[in-house]
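Here the structure is laid out as C-alpha cells; the discussion comes afterwards.
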Amino acid sequence: MTLPLALVALISAFGSSFQYGYNVSVINSPAPYMQNFYNKTYLDRTGAPMDSSFQTLLWSLTVSMFPLGGLFGSLMVWPMVNNCGRKGTLLINNLFSIVAAVLMGTSELAKTFEVIILSRVVMGIFAGLASNVVPMFLGEMAPKNLRGAIGVVPQLFITIGILSAQILGLNSILGNAEGKAVAQGPSVGSAGGGFFSADWCDLAAGWPVLLGLTGIPSMLQLLTLPFFPESPRYLLLQKGNEEQARRALQRLRGCEDVDDEIQEMYQEDRSEKEEGQFSVLSLFTYRGLRWQLISIIVMMAGQQLSGVNGVFYYADRIFESAGVPSHSIQYVTVSIGAINVVMTGLAVLIVESLGRRILLLAGFVLCSASCAILTLALNLQTTISWMSYLSIVCVIAYIIGHAIGPSPIPAVMITEMFLQSSRPAAFMVGGSVHWLSNFTVGLVFLYMEAGLGPYSFLIFCAICVGTLLYVFFVVPETKNKTFMEINRIMAKRNKVEVQESKELKDSYPPGRQEEKKWLSSSEM
C-alpha cells in the first residue's frame, strides 16, 4: 500500500461514500423538530393547521425521495463515467451535494420545507452516483492483492457516515430544539389530534446545521481530488493514452516498472475488442456475461431485501422491551452504529486473507439465523422474560453478519466480475437494483410489519437463505486474481470462449516472453 493509493482511497470514500451513510441517517433524530417546522410554516402561510394525513405524506416524501434520487443517480453512472471519467464524475458529483447542503442549511431561515424535499432528491442523486463510481474508481486503481480491501473502504466510510449522523443528531448536540416548550394549546394537526402543539413555536436551531454539514466533505474532495490521477485502466483502455496511464500507475505503485499491469490491460483490451463498449441493453442480451449479470442482481437485491432496514426499525422497541430507558435508546443506537463500523473495518482487514466468497456466505448465514431466532424471541418475550435479551443478541449478530459480507462485498464483486467495457453498465444495473430494492423495502415494510408483526423477519430469513444458496453454488472466489483470470472462470460457466487470438499471444514486445508463456499455460 503506497501513500498516494491510501490518500486517494480516503479522499474518495470520505468525500462521497461518507455522505451516502450520513444522509441515510441524518433525518432520524431531528424528525420531530423538522415535522414541527413543516407544521408551523404551513400555519404561517395559510392561517390553518396542517391536516395530519398531509403531514404524513410530506414526511414520507422527505424520507423516500432519497432512495428515489439514488435510483436516478444510478441511471446516470454509465454515460457519466464513460464521458467524464471516474475522477471527473466524482468531481462533478460534488456540485449536487454542495447545492443540496446550502438549500437544506438555509431552509429554516427561508421558511420553506419544499426545498428540504427537493434537496433530498438531489442528495439521493449524489449518493446514487457515489455508491457506484467510488467502488469502480478504487477497484480499477488497486493492485489485485489489495483490490478487496480497497473495495471495502467505501462501505466502511458509509458506516462511519451513519455513525457520525447518529452522534451529531443526539439531543445534546445538534438533534435538538431551542427552548422546548410544554405543549399547551390546540394541535396544529387535524381537529381530531395531531403531532405537535401550536404553542411549541421555538424551532430547532440544530437541525438545519446538521443537514447542511453534508457539504463539507464535498468541498474537501473538490479541493484535493484533482491532485490525484485518474483511473489508469480508464486512461489506457478507454482514452487510449498509455503515457498518462503509465504515469498514473507509477505514482500509485511507487515504482517505475509497471509493465506487467500495462500488458495485463492490453490483454483485457484485445480480448473484448469484438464486443466494444456495452450498453445496459447489450449487457442483458450478451451470453458471455449472463451469469455475471444474474449474480450482481441477486447479490444487490439480497443485500437490501435481507432485512437490514427492518432490523434497525425494530431495534428501538427491542431495546425498550429489554428495559432500556427511552431517553437512553438513542445512545444504544449509537453503540449499534459503532459495532457496524468496527465490523466493516474488520472486513477490510480480513477480505484478502479469507476471500470474498467466505465473507458473503458467513454473513448471510449469520443474518438468516438471526432473523429466524429473532422471530421466535419477539413472539415469546411477553411470556419468557429473558427472550428480550435474546432479541438484543440477535440484532447485534445480524448487524455483525451484514457488516462483514452482504453490505461491503457485492460492490467489490461487480468491479471484479466485469471487464472495462462492461463494468460501467454493470454498475448501473447493480446500483439500480440496490436503490430500487431499498425504496421497495421502505415502501412495503410498514405494511408488512402491520400485517405480520415479528413474522416479517421470516420473509427476510428466506431471502437470506436464497441468496446464500445462490452464492454457494454460483459465485466464484475472486481473491488475488486478475480481471482476465476471473473472466475465464465465468466464461466456462457461460459456456463461451474468451476472445484471445494468436495475434494477442504474439503481440508482446521483446523481453516479454514470460507473459506469453503465462497466457499459454493458463489456457491448458
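The values are calculated or read from the model by the stated rules, or taken from the named source; none is laboratory data. Since this is a predicted model, take the numbers as computed values, not measurements. With ideal geometry, Cβ positions are generated from the backbone for all residues, glycine too; neighbour counts draw on all protein chains shown. Ligands, DNA and RNA are stripped out before the accessible areas are found, and what is left, the full protein with its side chains, is counted by its heavy atoms. Shrake-Rupley method; radii C 1.70, N 1.55, O 1.52, S 1.80 Å.
What part of the accessible area of the chain, given as a whole %, is carbon or sulfur when the probe is 1.4 angstrom?
Working: 13860 of 21040 Å².
Percent of accessible area from carbon and sulfur atoms in the chain: 66.
Relative to the longest principal axis of the C-alpha atoms of the chain, give the angle of the C-alpha long axis of helix 423-452, reported between 0 and 90° and rounded to the nearest 10°.
The helix 423-452 is inclined about 30 degrees to the chain.
Which of Ala301, Ile329, Asn487 sits closest to the plus end of the dipole of region 284-502, meaning its Cα is farthest towards the positive end, when Lys and Arg get +1 and Asp and Glu get -1 on the C-beta?
Asn487
Mind listing P(r) for the chain? All alpha-carbon pairs, 10 Å bins, whole percents.
Calculated over all Cα pairs of the chain, the distribution is 4, 18, 28, 24, 15, 8, 3, 1, 0 percent.
Taking the C-alpha atoms of region 284-502, how large are the radius of gyration and the largest Cα-Cα span, Dmax, in Å?
Rg then Dmax for region 284-502, in Å: 19.2, 73.
Do the sum for the chain: with -39,500 (n - 2.57) for every DSSP H run of n ≥ 4, divided by all residues, what is the mean residue ellipticity at 222 nm, to the nearest 500 deg cm²/dmol?
Working: 25 runs with 371 residues, N = 524.
Mean residue ellipticity, 222 nm, calculated: -23000 deg cm²/dmol.
I'd like the accessible area for Tyr389, computed on protein heavy atoms only with a 1.4 Å probe and all protein chains in place. Round to 10 Å², please.
Estimated to the nearest 10 Å², Tyr389 gives 130 Å².
Taking all protein chains together and a probe of 1.4 Å, list Ser131, Ser306 from the most accessible to the least accessible. Intermediate results must be reported in sequence, preceding the final value.
Working: Ser131 30, Ser306 0 Å².
The ordering from most to least exposed comes out as Ser131, Ser306.
Using unit Cβ charges (K, R positive; D, E negative) and no other charged atoms, how large, in debye to the nearest 20, is the dipole of the chain about its Cα centre? Don't jump to the answer; show the numbers that get you there.
Numbers: 34 positive and 36 negative charges, 102 e Å.
Dipole of the chain, to the nearest 20 debye: 480 debye.
Which pairs, out of Lys239/Lys481; Lys239/Lys495; Lys87/Lys492, put more than 29 Å between their alpha-carbon atoms?
Lys239/Lys495; Lys87/Lys492
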